[in-house]
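Working notes, structure below.
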Amino acid sequence: MMTEMNDLQPILQRLAIKELNEMQIASIGAIDGRKDVVLLSPTGSGKTLAYLLPILRRLKTEQKGLVQVMVIAPSRELALQIDTVFKDMHTSFKSVCCYGGKPTMDEKRTIVGTQPEVIIGTPGRLNDHLGKGNFSVHEVHTLVLDEFDKSLEFGFQAEMEEVLAYLEHIDKRILLSATDLQHIPAFVGMGRITRLDFLKGEEKSRLHMMQVDSPIKDKLETLYQLLCTLGSSSTVVFCNFRESVDRIANYLQSRQFYCEAFHGGMEQDQREKSIYKFRSGSCHVLISTDLAARGLDIPEIENVVHYHLPTVMDAFIHRNGRTARWEEEGNAFIILNAEEIRPDYLPTKLEKRVLPKGELKPTQPAWSTLYIAKGKRDKLNKIDVVGFLYKVAQLKREEVGRIDVRDRYAFVAIKREKLKETLRLIQGEKIKGKRVLIEEAK
């Protein structure tokens, strides 16, 4: 018996969503149908929910504890985001997220202990589990290929082919892309399809694109001045190389400008810390490669800065797609030096953003982040953290911000002006009867 879900309102309320958009409504109808589905929709339009909601209808209660749905994503961050959304729906079904950077054996134990109906993962790690027989795919009837275009761009075709070769009982394929797909490889096995194209006619007027001139080839000082003028608004600075991300972050930090770096060469826990700080308001500026252009659930980004311009137009579009989302407005700043070659995709005429002269100083974030060396595996939850901070640190409700509890550790944002006093009050104190390392997240 298929899960009944005639009324979506309880789930939407749990997700703090008032209503579904046109794309999500169309996707639910298409996925409920008999055909495979190809959904083309811009970054940030809500594609994850567009397929997770109808997938609930496909999960069979009589097959509880058996993997029925597999979602393949090109990056750890996207896989984690999908898993978070599914868990936040608070249904009776369970999910497990699999990705590189942590022991496969730990994930196997989680799979065995959880007995999920939904497996979400990156191609390489899913291959690892399937090759070792860590879970059965005999009951997997639904396959989702999220950001399929990005998976091909990252060179994951061979790995995806291997994964799909294990799946012999798929009766529904859902393929998602933020760019138009002229050709779908045969290994995907798409049958008759319903194609939903929400890329055409995308409204661009909410994005304000501006050029910032750098008087010298090295743009560091120009970037610093621009970021100072943007104040406390959330900003992602895009670079083409990991080395550039590190160089810029080090320079800004040497100028007492608080920012975080984010790229594929960093350890997973470092990347998670950077994203948490950015989401929680503990830093306003994230310096990143194109890894942050897609897949990350980072709401309310007000500005995108192109420190380097990408080589292809698609990458430029995806970067800009981090801002001006839904009904909000946003800015895209392009830092250019006179010696640079302008790519053909760049508009010939751009509004100029003239930076003020004189000494500029950065705006300090309103929040700081605490690191707690205990997590879900230690039976720690958000209520425990909040109660501890209210009682021991004497913090008020408005002085505690976002809380993320992971398997082995937790992050919590508190008002910056309360940081020193909080660290003093909680020194040597216990959470749930145990002494725990708590410090400012560096």
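Since every read-out is calculated from the coordinates, none of them should be taken as a lab result. The structure presented is a predicted model; accordingly, all values stated were derived computationally and were not measured. Don't worry about glycine lacking a Cβ; one is built from the backbone with ideal geometry, like all the others, and counts go over all protein chains shown.
Looking at the square roots a ≥ b ≥ c of the eigenvalues of the Cα gyration tensor of the range 335-379, which shape do they give, rounded for a/c under 1.5, prolate if a/b is larger than b/c, or oblate? Since a/c reaches 1.5 but b/c is at least a/b, the shape of the range 335-379 is classed as oblate. Of all lysines in the structure, the ones whose alpha carbon falls short of 19 Å from that of Lys361, not counting any fewer than 8 places away in one chain, are Lys219.
Available extension along the chain between Thr84 and Val312 is 79.0 nm, counting 0.36 nm per residue and deducting the alpha carbon span. When the chain is treated as a Gaussian network with alpha carbon springs shorter than 10 Å, the biggest mean-square fluctuation among Ile426, Ile287, Ile120 belongs to Ile426. Across all Cα atoms of the range 367-440, the radius of gyration (one decimal) and Dmax (whole number) stand at 10.9, 31 Å.
Between Lys430 and Ala158, the modelled labels are 5.5 nm apart [label points 7 Å from Cα along Cα→Cβ]. With the gyration tensor restricted to C-alpha atoms of the range 290-442, the semi-axes of the equivalent ellipsoid amount to 42, 19, 13 Å, longest first. Converting phi to 3J(HN,Hα) with the Karplus coefficients 6.51, -1.76 and 1.60 and the offset θ = phi - 60°, the range 336-345 yields 10, 10, 4, 7, 6, 8, 7, x, 5, 6 Hz in sequence order, with x at every glycine or proline.
In the range 95-156 the Cα-Cα distances spread across 10 Å bins starting at 0 as 19, 55, 24, 1 percent of all pairs. For Cα pairs less than 8 Å apart in space and 6+ apart in sequence, what is the mean separation divided by the residue count of the range 177-266, i.e. the relative contact order in percent? Value for the range 177-266: 18 percent.
Residues Lys391, Lys47, Lys108, ranked from the fewest to the most other C-beta atoms within 10 Å, line up as Lys391, Lys108, Lys47. Maximal additional length on extending the Ala366-Thr104 stretch stands at 90.5 nm, based on 0.36 nm per residue less the C-alpha distance. From the list (i) 93, 57, 43; (ii) 68, 62, 40; (iii) 66, 46, 44, can you say which value of Cα extents along the principal axes in Å was derived from the structure given? Matching the structure shown: (ii). Separation of the range 116-160 from the range 337-367 is 41 Å, based on Cα centroids. Straight-line cross-link reach from Lys60 at under 16 Å between alpha-carbon atoms covers these lysines, not counting any fewer than eight positions away in the same chain: Lys94, Lys172. When the GluC sites (Glu not before Pro) in the range 17-109 are filtered for DSSP coil states and for at most 12 other beta-carbon atoms within 10 Å of their beta-carbon, the remaining sites are Glu19.
Between Leu143, Leu20, Leu126, the residue with the greatest mean-square fluctuation in the GNM of the chain (Cα pairs under 10 Å linked by springs) is Leu20. In the chain, helical runs assigned H by DSSP with n ≥ 4 each contribute -39500 (n - 2.57); averaged across all residues and rounded to the nearest 500, the mean residue ellipticity at 222 nm is -9500 deg cm²/dmol. With springs only between Cα atoms under 10 Å, which of Asp83, Asp269, Asp149 fluctuates most in a Gaussian network model of the chain? Largest GNM mean-square fluctuation: Asp269.
Here is the list for the range 134-200: chymotrypsin sites (Phe, Trp or Tyr not before Pro) lying in DSSP coil, each with at most 15 other C-beta atoms within 10 angstrom of its C-beta, are Phe154. Considering only Leu395, Asn381, Phe411, and ranking their Cα positions along the charge dipole of the range 367-440 that arises from unit charges at the beta-carbon of Lys, Arg, Asp and Glu, the one farthest toward the positive end is Asn381. The magnitude of the dipole of the range 9-197, with charges of +1 and -1 set on the Cβ of Lys/Arg and Asp/Glu and taken from the Cα centre, is near 540 debye.
The order of His263, His90, going from fewest to most other C-beta atoms within 10 Å of their C-beta, is His90, His263.
For the range 207-352, the spherically averaged projection of the C-alpha convex hull amounts to 8.4 nm². Look at the alpha carbon pairs under 8 Å that are at least 6 residues apart: their mean separation over the length of the range 218-301 gives a relative contact order of 38 percent.
Given +1 at the Cβ of Lys and Arg, -1 at the Cβ of Asp and Glu and no other charges, the dipole of the chain around its Cα centre is 1620 debye to the nearest 20. Modelled spin-label separation between Ser92 and Ser136, with each label point placed 7 Å from Cα along the Cα-to-Cβ direction: 2.0 nm. Put simply, the convex hull of the Cα atoms in the range 1-142 casts, on average, a shadow of 8.7 nm².
Entry note, the chain: relative contact order of 15 percent, from Cα contacts under 8 Å with a spacing of 6+ residues.
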